[in-house]
Amino acid sequence: MKHRLIASIASLFLAAAPAFAQQPAFTLPQLRAFAAMAPDAFRQEIKRQGFSYRDKTVTEEVSMIEYEKFVDGETTNLMKSTYVESRAGENTIQLSTTDKAAFETLVKEARGAGYAPADKGRIPGGETYQEFKRKSVGTGEVVRFVYPKKESGMGRVSYTAVVWR
């Protein structure tokens, strides 16, 4: 009886394992929804998808919490930044991935959804970025895609998408 119970529980974990073992592929609407979520709801959703806690930074102006998932040699990090009410328009989700194909899919999705190239430049670490903006009723939507430095040197390069609420 005891062995059957253990075998049943093990089979349930194995059945659930593929969902946790898959590298996530997020869409822009999903990322935008994450940016709008309350921190507790975001935490529950991300943990449900198999992400683990990585880091948290809290100041008087912003709370940033980061989760990560490592599957098949690829790493995905999600960081939710939640600002004080007076700066709530700055709330973001930052998706960083070593999966270049998943990143390029997001860029193609932005272009296909009517986002137009806007500002481009270089951030202090030397990486380049390209912002895409879409004017919609009420507010302009912005997505920033950050590309790694060409001569990275160490480790796997990471591609980043920042989505504002």
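Every number in this text was worked out from the coordinates using simple rules, so none of it is lab data. The structure presented is a predicted model; accordingly, all values stated were derived computationally and were not measured. Glycine also receives a Cβ, built like all others from the backbone with ideal geometry; neighbour counts cover every protein chain displayed.
What does the charge count near G114 come to, summing +1 for each Lys or Arg and -1 for each Asp or Glu among other residues with Cβ under 12 Å from its Cβ?
Details: positive: R111, K133, R134, K135; negative: E109, E141.
For residues surrounding G114, the net value is +2.
Using just the C-alpha positions of region 15-130 as equal point scatterers, what log10 of I(q)/I(0) does the Debye formula give at each q in 0.20 1/Å? Each listed q maps to, in turn, -1.31. Within straight-line reach of K108, meaning a Cα separation under 28 Å, sit the following lysines at least 8 residues removed in sequence or on another chain: K47, K69, K80, K100, K120, K133, K135, K149, K150.
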